[in-house]
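Enquirer: Following this message is one structure expressed as C-alpha cells.
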Amino acid sequence: MLGTNWLNKIGIGILVLGLAFFLAYQLQNLGPAGKVLLGIALSTGMIALGVRYESNERYRILARASAAGGWSLLYFVSYAIYHVPAARVIDSRELDFLLMIAVAAAIVWYSMRYKSQTTTALAFVLSYLTVGIHHTSFYSLIASVILAATVVALALRMQWFALEIFGIIATYFNHFLWVSPVIEAMGPNRVEFPEFRLSVALLAFYWLLFRLSYVYRSVADDNEERLSTAAALLNSFGLMGLLRYQSVHPEWAFRTLLVLGAVELGLAALAARRRRTAFVVLATLGSSLLVAAIPFRYSGSDLSMLWLAAAEAFLLAGVFTREIVFRRIGMLTLAIVSVQMIFDTGAPLLQMRLTSAADIAPAYSTAVLFAMAAALCYLNSHWVRTRWPDLFRQEFDSTLLASMTYVGGLLALLAAWFAFPGMWTAVVWAVLAFVLDVAGKEFAQPSLAVQGNLIAAVAIVRLATLNLYSTESWHGLSLRLVTVGTTALLLYAAAPFARAADEDNDNYKEGPWSLFTALYTWAASILLGVLVWYEVSALNVVVVWMLFGVILIEIGLHLNAGFLRWQGYIALTVSFFRIFFVNLETAGVAGQVSPRISKVLPLAAAYYYTDWRLRRAGPKNAEFQQAGTFFSYLGTATLAALLYFELQDPWVAAGWAALALIAIGAAYALGRRDYLHHSFLLAAAVAFRMITYNFFQPNTQAASFLQSQQYYAGVAIALLFAALPLAFALRRSIARVTGNSPLDSRPEQVFFFVPFGLLTALIALESTRGQLTVNWGVEGVVAFLFAVWVGERSFRLAGLGLLLICATKIFLIDVWGLDLQSKYITLIALGAALVLVSYLYTRYKEKFRQYL
C-alpha cells in the first residue's frame, strides 16, 4: 500500500507543488507566456500518461496519481495566468474565471468517466494547495469557490462523501492561508480590514453550500451516514473557527450565533423528512448555538414585549382549549398593545424623525419590538384564523382578527423605519412591499398584496422627497444611486405579484398583468430615468436612456406587456429630444472622435433597431407598425441633426442629400413607404438649406473651385439627381399597389424637380447677364434629352418651359442690354438648342405621342 499507492500520490503531490513554485518564481528568462506553455505541456503530459495507462492493471495506481497531478497542475495554470504576476498573460478576471470553470468541468468529466474517488480527491487537494500558496488578492479565492462547488457536485452525483470531507478541510484551510497574513500583520489591535465583510460572506457561502449538500443527499448505508456526519461537523467547526480567528467585531457574536442556530434548526426541519440522523445532528448543532448566544445578549427588557407575549398566550390558549373568552382577551389585548406602541413608544421617535434635520441613529430595540408585534398580527390573522376557521365564525371575532393584518402592516412599516432611518428607509420599505406582494399572491391573501401596494407607494414618496436630492456616498458609491436603483429593481420584481390585490379584475383571473403591475413598473422606470439624470454625466444620459428604452421594449415584447413597451417608447423619445439640448451642442477635441458621433450615432442605431424589432415581432400589429414608423423617423432625424452639427456649414446640404439617397435606397430595398417619405423630407431640407445658406455665401478670392459654393451646392444637387434611378424603380413597384397618394406613386417627380429647380437657381446666381440665357438653354436641352430617354412627359415639359423662358428673356431683356458679341452668341446658342429640340420632336413624333 505504501510503495505502490501512497508513495506515488505523495510524490505526485510534491511534484505538482514543486512545479507550481517553479513556474511562478523561476524560469525568469521564459517570461509569463513561456511558463504558462510549459505548465500546460507538463500537465497535459501527466494527464495523457494517466489516461494511457489507466487500463493497465499494473500501472493503474501510478497512472491515476499522474492524472490527478496533471489536472491539479492544469487548474493551477488556469488560475496563475491572471492571479500570479510571474505567469500573468491575460488581463480579464472574467475570462480567467471561465477558464477555471472549464478546467473544473473537465476534472468532473474525468472523475465520472473513470470513477476513482481517490484520484479525484488527490486532484482537488493538490488544486487547493497550489492555489493556496499563491494567493495575491481576495479575488484569488474565486478558485476555491469553483473547487468547492465542483466537490459538492461530485459528492452528490457519485456519492463520494469522503471526497467532500477532503474538500471541506481544503476549502477552509485555503481560506486560512489567505486571511492569516492579514490578521497576523494587525497584531493585537485588530480593526476591520477592507475585505472583512467579503470574507465573512464567502465563509457563509462555503458553509451554506456544504450544509445544503448534507441536507439534500441520499445515503445508502451507515458508513456513508458516518462520513456525512463527519462532514457536517467539520463544516460547522471550520466556519466557527475561521469566524473567530478573523473576528474584529466581538459584539457581533450574539447575533451570529443566534442566526446560525436558527438556520441550523430550520435546516434540521428540512432534513427531518429525509434522514433522522441528519435531523438529530442539525437540531443539536442549532440548539447548541442558540444556547451559546445567550451570554452575549445585552441586558434590558420592554413592557410591551411582555404584553405581546401575554396576548399571544391567551389567544393560543383559547384556541387549544376552544375557549372564546381567552381568544377574545388575546385578540383585544394584542390590538390595544399595538395601538399603545404606536402612540406611546413610536410617536416620540416618529416626531423626531420627521422634524430633526440631523442624522438619526437606528433604534434597533424599538424596531425589534414593532417587528415582533407585526409578526404576531400576521400569524394570527393569516394562520390561526385559517387553521381553525370554526373557532372564528362569529362576525366580531372574524372581523377583528382579519383586520389585524393591516395593523401588522403598519407595525412592519414603522419597524423598518426605526431600524433603517435616512436614505435606507425607502429600500427597506420596498423590500417589505415585495415580500407582502409575493406572500399575497402565493398564499391567495389579497389583503397582504394591498398592504404591499400601499407600502410601495410610501417608499416612492420617500424617494421623491429625500433620496433623489441626496449627495451622500456609501463605500465610495453614490448613496442615491444605490438606494434609488435598488428600490426601482425591487418594484420591478414585485410588479407581477402586485396583481393579487386586484382579485376582482378579469386580468387577475386570466392573465399575468393588472393595473397595479403597470403602476409598479411605471414608477420604477420613472425612478430609474430620473436617477440617470442625476447620476450619469450629461453627455451619457441619452445613451443610458436609450439602452433602458430598448431593454424595456425587449422585455415588453417577450412578456407581451404593453405598459413596458410604452415605457420603452417614452425613454427612447426622451433621449431623442435630450440630444438637442446637450449632446449636439458639445464640440469635440481636434484629432479625436467627436462626442457627438460617439454619443448620438448609437441612438440612431437604436431607433432603427427598435423599428426593425417591432415590425419583426408583429407584422400585422397596428401598434408595432406605427411605433416602428415613428422610431424610423427619429433615426433619420437624428442622423440629419448629427450631420448638421458635424459637417462644415457648406457641406450640410450635401450631407442631407446623401442621406436622402440612402433613405430612398432603403425604401426600395426594404419595400418601406416610410423611408420614401424620409427621402422626401430630406430633399425638402436640402432645398431649404441651399436657398437660405449656400446660395448667399460669397466665395473668397483665393479659394479654388473645390472650395467654392458652386462646388458644395453642385454636389448636393448631383446626389439628389442620383436618386432618380431608385425613384423610377420604386414607381414601378408602387404602381402594383392601390390606394397610393400621388406623391408616393410618382417619387421621381420630387427627385427631378427639386434638384432641377435648385440647379436653375444656382445657374442664375453664378452666371453673368450674358451667360445666363445660354446656360439655362443648355440646362433646358439636357433636361429635354433626359426626358426623351426616360420617357417622362413632365420632365420634357420642364425642359421646354426653361427653353421658352430663355426665348422670352432674349426678346424682353437680352437684346436690349447686351453688347453685340454677347447678343449673337446667345442667339446662336439658344437658336441651335430650340432647333435641336424641334428636330427631336419631328423625328420621334409617334413615340412622343405614346408618352402623352
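Enquirer: Starting from one equal scatterer on each C-alpha and no solvent at all, send me the Debye-based log10 I(q)/I(0) for segment 596-676 at q = 0.16, 0.23 Å⁻¹, two decimals.
Expert: Computed log10 I(q)/I(0) values: -0.62, -1.08.
Enquirer: List the residues whose amide H sits under 5 Å from the amide H of W474, counting only those 5 or more places along or on another chain, with H placed 1.01 Å from N in the peptide plane.
Expert: L479
Enquirer: If I compute solvent accessible area with a 1.4 Å probe over the protein chains, what percent of it on segment 137-268 is carbon and sulfur?
Expert: 68
The values are calculated or read from the model by the stated rules, or taken from the named source; none is laboratory data. Everything numeric here is computed off the predicted structure, so don't read it as measured data. For accessibility, only protein heavy atoms count, side chains too; no ligands or nucleic acids. Shrake-Rupley method; radii C 1.70, N 1.55, O 1.52, S 1.80 Å.
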